[in-house]
Each structure stands twice: as structure tokens, then as C-alpha cells.
Amino acid sequence: MKLSGSEIIIESLKKEGVEYIFGYPGGAVLHIYDALFAAEKIKHVLVRHEQGATHAADGYARACNKPGVVLVTSGPGITNCVTGIATAHMDSIPMIVISGQVSRQYVGSDAFQEADATGITRPICKHNFLINDRESIAETFRKAFIISTTGRPGPVIIDIPKDLTDPKVKINFEYKKNIKIRSYNIKKSESDEKIKEAAKLICSAKKPMIYAGGGVILGKASNNLVKLTKHLNFPITNTLMGLGAYPSSDKQFLGMLGMHGTYEANMAMHDCDVLLAIGARFDDRVTGDTNQFCPKAKIIHIDIDPSSISKIIEVDHSLIGDTKQILKKLLDHTKHFKKDINKDALSKWWRKINSWQKKKCLSYKKSTKVIKPQSVIETLHKITKGKSFVTSDVGQHQMWVAQYYKFDKPNRWINSGGLGTMGFGLPAAIGAQLAYPREQVLCVTGEASILMCIQELSTCLQYGLPIKIITLNNRYMGMVRQWQEFFYEGRYAMSYMDAIPNFAQLAESFGHIGMVIDKPKDLEKDLTHALSLKNRLVFVDVITDETENVYPMIMSGKGHHEMHLAPSANEDIELA
Amino acid sequence: MTTDKRHIISILVENEFGSLSRIAGLFSARGYNIHCLSVAPTSDDSISRMTLVTYCNEAKASQLMKQLYKLVDVINVKDLTDETHIEREMLLLKVKSTLKQRDELKRLTDIFRARIIDVTDTTYTIELTGPSEKILAFIDSLGKIKIIEQVRSGALGISRGSESLEIKK
Ligand SMILES: Cc1ncc(C[n+]2csc(CCOP(=O)(O)OP(=O)(O)O)c2C)c(N)n1
Ligand SMILES: [Mg+2]
């Protein structure tokens, strides 16, 4: 088969099973767009800003565990993608970004819309390619998909000069699925011996704790995690990225850990004697002061990425490889050692944990005058029975979703954990909704964050995406205001959102439905109504308490046991 | 925290567009210094070999090795520091050489087994290879002699015996 470079790109994407491309055209990719015009199987989603394309591809990938694909032009097209690529990279999300480049003869001449795409993206991606000849296009695409989706996933950028996509020059096309990249090898699993040792250590615990992160979701290992945790009857916590990996409604689940984690999860971390960390990377928002991190524990770490091991916290035992496989083998081995588990110690440990749970650290003062942001999330959970896909932006609202929307399944919670990118929520919801057209997709956001990618409302109309946007509108960059209240003596520099648009009208002008909810008594009724409007995007502007803060909180430089609870939380329970 | 120590690291990397900047970028992005670096193709010209010297503590060194290995272009890496290995560096030095200084310069080059490779009526250009300490000792020994230009290759390293850095990753 003889094909042009552009046709090779499209055929390669088809061979990889790509259903959607999120993109925006421009001079350097017009040949590719022309080839795409003729392609039937692949649907192109036209965003309104290239950042939106990357977040949408990212949201798609997070929702369905398949790589998201982006197509943008040279120069400003690819520079607009930088934030989205970095966001995906920090959370290890598989993504392929195809960027046009000026023709080879102009590369390096400061040509119109020339930018050094590979140079700019090098530190924020798993790998990148600048294609130099037509013959290597197909192979480069195959390599890009392999690299992006295997091992610890991540974004891969393919920069392709325009002349290589010329429709007039055709070459032989063959797509070899089985290619080897000699410099790229992933360790699949660990030796039985090492897994057995870990199993033995786990079963020797008197105060065990399981700490599982986003690697469990990326590794599709939730089922195995649940089986192991149930089998052992151990307490478990999830990171922000891991929420949903273990069902939140289960009694062994202690909630999220870390800076805004629950009292019981953080206290159990501090007190445990064996910690099993799975697909988690000991992020500073999780560990707090590293010198006080799990001071009494032997730590076992399961991860696909060898460079995660002992990067932040020195661990005692590491199992490197695919989390799903390792968890399965670990379960088999723990069956042999289960008789060694000290049952009395374990029930004593559970009693202690239960006493921490009695603190009810997520309780908050209810109000009939102002809408409490937490109650919005609880109401959403109630209406959707916890089954929605929920994306968020960054700030207080993100933490409240993490705390109060009790995710029971993986891939449902979609947020920018590592980079903390405001503007992520709406485009990510586009990707999630396209991945699951029949599921309810909510975007919970703040009045500041939503404005960062608000233009994507237009994309939603074009593709008829019935996303429900819920702003927790507190008239502040709430998370910034909270830090200014705590650490800058209430000097609210630049965190008040003056001149906020009328979001309901704004949504209407984009062709959607806009609503405002400002009374607690209307909350459930109006939200229920908004969510029942199938086929339409509804923008629900919920006016919330502007003074509310996110609790519990571990201040920076403090240990897990030094957290602050909400002033209203139940203080009279004995600290165990 | 353990103290910083000199690490000499060998890297086999795909001889591809951007490989060098990926490695250099990793050092700056993760806060490591590159004391010196040398790169050239190997007998297989699709592969380059790099020798790199950096100063850091043990924990940072082990993290560095993992980060280097994680780079998709990197085929293999090895920290030669704690195993028996040979290091060589080359120095090219242009010095002022007046009539009075010529004997002294000749004597020093003999002692250090260096070679004078270019002569003008006012300068000598000297070549010296050896471990970095020897290079430094030679430069020190020049005393008042004026150095016009100094070029060092940076250290090259190879392990002793039959050990070799494998291509298989
Ligand atoms: C692109 C970007 N710029 C700045 C920040 C810093 N930041 C973190 S939270 C926040 C405020 C977010 O305000 P809002 O969207 O209203 O959410 P709230 O905290 O009020 O719920 C800011 C500015 C960020 N995370 N991302
Ligand atoms: Mg706000």
C-alpha cells in the first residue's frame, strides 16, 4: 500500500485503535487535517484552545485507561499545549501529542510559527520525537504508543515537519506491531522470593496500614487491591490520585490521607508498624514532614517505576513491576502466612482506629442561611448515588469533592493531582463524557478555575455533551484565601474575585442552560432538577459560604499526627 | 545526610537527536551539577558513550542512576566510582614560553610524561593524558608560567578487567 505521510499518520492511529483526536488546525498540520477529512473511523473533536485539547485527551485517558490523542499545529499550537502535557506527565497519564513543525528546510531559521517543540516539551513528557524522514513515521507512531502506555505511562510528543506530510509524495506503508525498543525495557514482575518475603513481613504486622495511590488505577489493579485488603482485614487509605481504587463506602476504608486527609487515615499512618505502599509516590502533600513520616513502620513499596523507590522516603522492601500482577502474587503468598497474623493485636489496632474515627473529622457546621460547600458535594453524591464521573479544578472545591464524594470505583475521579492545574476540569469532563456518552459527568469547579478554560463551553455545544458544571462559587480563590487567612494574617492579596461574570447568562450565551442556587433549602431540589436534564449541558452556579475552610489540615512542615481539625469538629473524644 | 562525593558515571545512549540534551536537562531539572562530561560514538555508531562526573551524596547518586536509566534513550548506566576502574583525561595547554622558561617547561613535561606538540617563538602547546589528579598536579607545577589557553576533555572511565557496560537493557 502506498500512502502519503499524512495518510500514514491516520492509518497508524487507526491501527492503534484511536477513536478520538482532540485538536485544532493550523498551517503546519493542514495536510494531516486533509487526510483526516477522508478518514471515517476516527472522530475529531475541535476544541477552542489547545490547552483544552490536552486536558480533554487527558480526561478521556483517565476515564477509560486508553491513551488520549492530540493534534495541533506548530508554534503557538504546541506552546499552548505545555500546561496540559505537564499536567498529564505529573499524573502519569498516557497521551500522544502530534504537533506539526515547519518544513525541514526551514527548521532552525526562525520561520513563521516555528517553535522548538521537542526542546520545550522535553522536561515535561515521558519522551518525544522529531521525525526526520517519511520512512520512520509509522515506526515512530508505534514506538510512541508503546512508550506512552507501558510501564509508568505518560505523554509522548511527536513533532512532524510539514513537508513529510505532503500528500503528493507516497511511500510504502506497513505497520509492524511488534517492534523492540532496545533502550526501553519494563520490569514486569518481581521474583517469587521477594514477594514471599514481603508477604511474610505484611503478616507479621500488629498495626498494619495500606496506602494506595494512582498507580493502582493506572495499573487496573483495583480488584486485586480489594481482594488483598479484604483477605487481610487491614485498614486502607487512598491518595488523592488513588480515590476510587478502593471503595470508599467499605468499612476498612479510612478515607484520603495527607494534607487534607482524614484524622483516622493520618493517625493510622503515624502509628502503623508495617506500611504497604502501592502505586503511590510519597508526594509532599501526602507525607507532610518526611522526618516524621511513619516513624515506627517497616515500609514495603510496590511500584512500576524503580525511580519511585526510596526517592522521598527510604523503604525497607521494594517490589518493582506491574501492580496488578504483583498484588495477585502477593495475595497468593499471604494466604500461606495468614495464620501468623496476630488477631488480637489486629483487633486492638482496629479499636484504636475506631476511636480516631469517632472524632468525625469531616463534620462541619450546617447552616440554613448560607450554602455550605461540603453539603453541595454530599447532595451531589446522594443524587447520583456516588456513580458519576466527577472532574474538578484546583482549590478548596477539589478537596471537598475528594473528601465528600465517596468514590466506590476507579477512574471516576478525574483531577489534576500532581501539577494542580486550574482550568483542567471542564475540558477533562469533555474527554470523560466522550469516553462514556451515557454516564453522568459532573465538573465541580470554582468561580476562578472555570474561567481558565471557559471557552470549551463552545466545544460542548458542538458535540452535544450533557456535562453538568457545578461551581462552588465562594467569590474567592478559596484555597489562596485560606492560606492567606492562616499564614498571612488575613491579608487577602488578590484572592478576591471581583467582577465575576453572571455564569448562568454566560452559559446561556454559549447555548447551554444556566442556573443559580443560593439558598440551602433549594439545594437538593434544584440540583436534582439540573442533573435530570439529560442531553443538555447545565451550568449550576452555587453560591456558597465564602468563609469556609478545608479541614482537617496538616500545616507544612508538620507530621501526620499534628493535624488541625475544623473548629466545629467534635473535640471531646479522647485522643487515643 | 551523607556528604557529597565524586561520582564518575558511564552512560550508553542512543546516538539520536536530542539525547544529550535529555541527559543534560535531567541534571539541571533535578538539581545536580555536571562537573564534566564527554561524549562520543562507540564502535557501534548508533550508540554514544558518555562519561560524566558529578558530586552528590549516596542517596542522590542512587536516585540519579535510576532517573538516568528511566530516560527512554538511555541503554545502560553504571556508576564506576566504587569499583576498580581506570580514568583518563586529556589536557591541551598553551603556555607562554620565553627563552628562559623553555628548559623548565621541557623538564616538567618529561617528568609528567607530557608532550610538546606545537611550538612558536613565544608559546608551547603541551598534551598530557592521565587521571584528573595528574592533570591538576601538572597545571599546579607550572608555577609562574603563564597559561594562555587550557582545554580539558573531562574524565573518561572504563572498568578494569573483563567487566563491560552491556548494551542489553
Ligand atoms: C493555573 C494555576 N494558577 C494558579 C494556581 C494557584 N491556585 C491554587 S488554588 C487557587 C484558587 C482557586 O480558586 P477557585 O477556582 O475559585 O477555587 P476555590 O479554592 O475557591 O474552591 C489558585 C489561584 C493553580 N493551582 N493553577
Ligand atoms: Mg472560589
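Annotations
- Cut-off 16 Å, label 7 Å out along Cα→Cβ of B:GLU83, residues of region B:119-136 by amide N: none
- Carbon + sulfur, % of accessible area of region A:21-145 - ligands and nucleic acids excluded, 1.4 Å: 52
- Taking Cα atoms only, the orientation of helix A:5-15 departs from the longest principal axis of chain A by about 40 degrees.
- Residue-span extension gain [A:ALA345 to A:THR547] - 0.36 nm each, minus C-alpha spacing: 68.4 nm
- Measuring with a 1.4 angstrom probe and ignoring ligands and nucleic acids, B:MET65 comes out at about 40 Å² accessible.
- Taking every protein chain into account, the accessible area of chain A amounts to 39 square angstrom per residue (probe 1.4 Å).
- Between A:HIS336 and A:THR368, residue separation times 0.36 nm minus the direct Cα-Cα distance comes to 6.0 nm.
- Spatial separation of Cα centroids for region A:362-398 and region A:12-38, in angstrom: 39
- When only the Cβ of Lys, Arg, Asp and Glu is charged (+1, +1, -1, -1), the dipole of chain B relative to its Cα centre reaches about 420 debye.
- If only the Cβ of Lys and Arg carry +1 and only the Cβ of Asp and Glu carry -1, the dipole of region B:86-156 around its Cα centre is close to 200 debye.
- For chain A, the longest principal axis of the C-alpha atoms and the axis of helix A:425-435 are separated by about 70°.
- Figure note: A:TYR184, A:TYR211, A:TYR492 ranked by solvent-accessible area, largest first, 1.4 Å probe, ligands and nucleic acids not counted: A:TYR492, A:TYR184, A:TYR211.
- When DSSP beta bridges are restricted to pairs lying wholly in region A:2-172, around 10% turn out antiparallel.
- If R0 equals 25 Å, the separation of the Cβ atoms of A:TRP483 and B:ALA59 corresponds to a calculated FRET efficiency of about 0.25.
- Extending 7 Å from the Cα toward the beta-carbon at both B:GLU163 and A:ASP498 defines two label points whose distance is 6.7 nm.
- Projecting the alpha carbon convex hull of the protein assembly as shown along each direction and taking the average yields 38.7 nm².
- The residue list A:PHE539, A:GLY75, A:SER248 was ranked by how far each Cα lies along the charge dipole of chain A toward its positive end, using unit charges on Cβ atoms, and A:SER248 comes out on top.
- Fully extending the segment from A:LYS168 to A:LYS41, taken as 0.36 nm per residue of separation minus the present Cα-Cα distance, adds 43.4 nm.
- For chain A, with +1 on Lys and Arg beta carbons and -1 on Asp and Glu, the positive-most of A:HIS336, A:ILE309, A:SER109 along the dipole: A:HIS336
- Helix axis angle, A:192-203 relative to chain A longest principal axis, alpha carbon, degrees: 30
- For region B:86-156, with +1 on Lys and Arg beta carbons and -1 on Asp and Glu, the positive-most of B:GLN101, B:GLN150, B:ILE117 along the dipole: B:GLN101
- Rolling a 1.4 Å probe over the protein heavy atoms of region B:46-135, with every protein chain left in place, gives an accessible area that is 55 percent carbon and sulfur.
- Positive minus negative residues near B:PRO41 (Lys, Arg vs Asp, Glu; Cβ under 15 Å): -4
- Stokes-Einstein diffusion for region A:281-333, with the hydrodynamic radius set to the Kirkwood value over Cα pairs and evaluated at 4 °C in a medium of 1.567 mPa s, equals 108 µm²/s.
- About the Cα centre, charge dipole magnitude for the protein assembly as shown (Lys/Arg +1, Asp/Glu -1 at Cβ), debye: 2060
- The label-point distance for A:ASN178 and B:ALA40, in a model that sets each label 7 Å from Cα toward Cβ, rounds to 4.0 nm.
- Per residue, the convex hull spanned by the Cα atoms of region B:37-101 measures out at 166 cubic angstrom.
- C-alpha center-to-center spacing [region A:169-235, region B:94-140] in angstrom: 59
- Longest site-free stretch - chain B; sites: GluC sites (Glu not before Pro), DSSP loop, at most 13 other Cβ within 10 Å: B:1-82
- Kirkwood radius and radius of gyration were both taken over the C-alpha atoms of region A:129-194, and their ratio Rg/Rh is 1.11.
- Trypsin sites (Lys or Arg not before Pro) lying in DSSP loop within region A:503-535, provided at most 15 other Cβ fall within 10 Å: A:LYS534
- For the set A:ASP393, B:ASP45, the ranking by accessible area, highest first and with no ligand, DNA or RNA atoms included, is B:ASP45, A:ASP393 under a 1.4 Å probe.
- Distance between the pseudo-spin-label points of B:ALA29 and A:LYS227 (7 Å out from Cα toward the beta carbon): 3.6 nm.
The values are calculated or read from the model by the stated rules, or taken from the named source; none is laboratory data. Computed from a prediction, not measured in an experiment: that's the story for all the values here. Here Cβ is always computed from backbone atoms with ideal geometry, including for glycine, and neighbour counts include all displayed protein chains. Accessible surface areas use protein heavy atoms only, side chains included; no ligands, DNA or RNA. Shrake-Rupley method; radii C 1.70, N 1.55, O 1.52, S 1.80 Å.
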